[in-house]
Amino acid sequence: MTLAQVFILAFLAHFGWVALLYVWLTIERQSAVAKGEVRIADFIRAGADPERSLRVARNLSNQFELPVFALFAGLFIYLSGEVAVIDVAAAWLFLFGRVVHTVVQTLTRNVPLRGMVFVINFAGVVILMARVAWIALT
């Protein structure tokens, strides 16, 4: 497997993670409806979720915030043909941080810890964006 393929694999894995979150959210919402905690019609408005599914929904939303920059950087670096070991490491650091952030955000109420683990994927994105700047400006 080439360096570029290992690099892209991290972003494909992130897509898989997001798909898994959609499944998890669907299960949580169906469970909440079955338990009578919420009605299906309640989902017409944001924030209708009970706490458990709300955490998953919020994390799913997070997958489309900072990761947009990681995806942009990944595409730019890949298309430049200049994928380096640092890029691969940063892409996998980003993915690892996303997974850890999901676990903390969805399974705990520890907001300070969530902020600390956010730094993991943020560092990956910063490295990727720095590489974009380097490639674009040199």
Discussion item. Considering only the stretch 131-138, I want to know if a residue exists there that is free of Cβ contacts under 8 Å to residues at least 60 places away in the same chain, within 20 Å of Thr26 (Cα to Cα), of a type in the set (Lys, Arg) and crowded, with 17+ Cβ neighbours inside 10 Å.
Written reply: no
A careful count of residues in the stretch 64-111 that are of a type in the set (D, E, K, R) and under 18 Å from Gly16 (Cβ atoms) gives 1
Of the candidates Phe69, Phe94, the one satisfying the condition of being surrounded by 18 or more Cβ atoms within 10 Å (Cβ to Cβ) and part of a helix (DSSP H, G or I) is Phe94
- prompt: Looking at Val83, is it touching a residue at least 60 places away in the same chain (Cβ under 8 Å) and either out of contact with any strand residue (DSSP E or B) (no Cβ under 8 Å at 6 or more places or on another chain) or closer than 30 Å to Leu137 by Cα (or both)?
  reply: yes
message: Quick check on the stretch 99-122. Is at least one of its residues assigned to a helix (DSSP H, G or I), in contact with a Gly (Cβ under 9 Å, 6 or more places away or on another chain), loosely packed, with under 14 Cβ neighbours inside 10 Å and modelled with pLDDT of 95 or more?
response: yes
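The values are calculated or read from the model by the stated rules, or taken from the named source; none is laboratory data. On a predicted model such as this, the values are computed, not experimentally measured, just so you know. Virtual Cβ from ideal backbone geometry, glycine too; neighbours counted across all protein chains shown.
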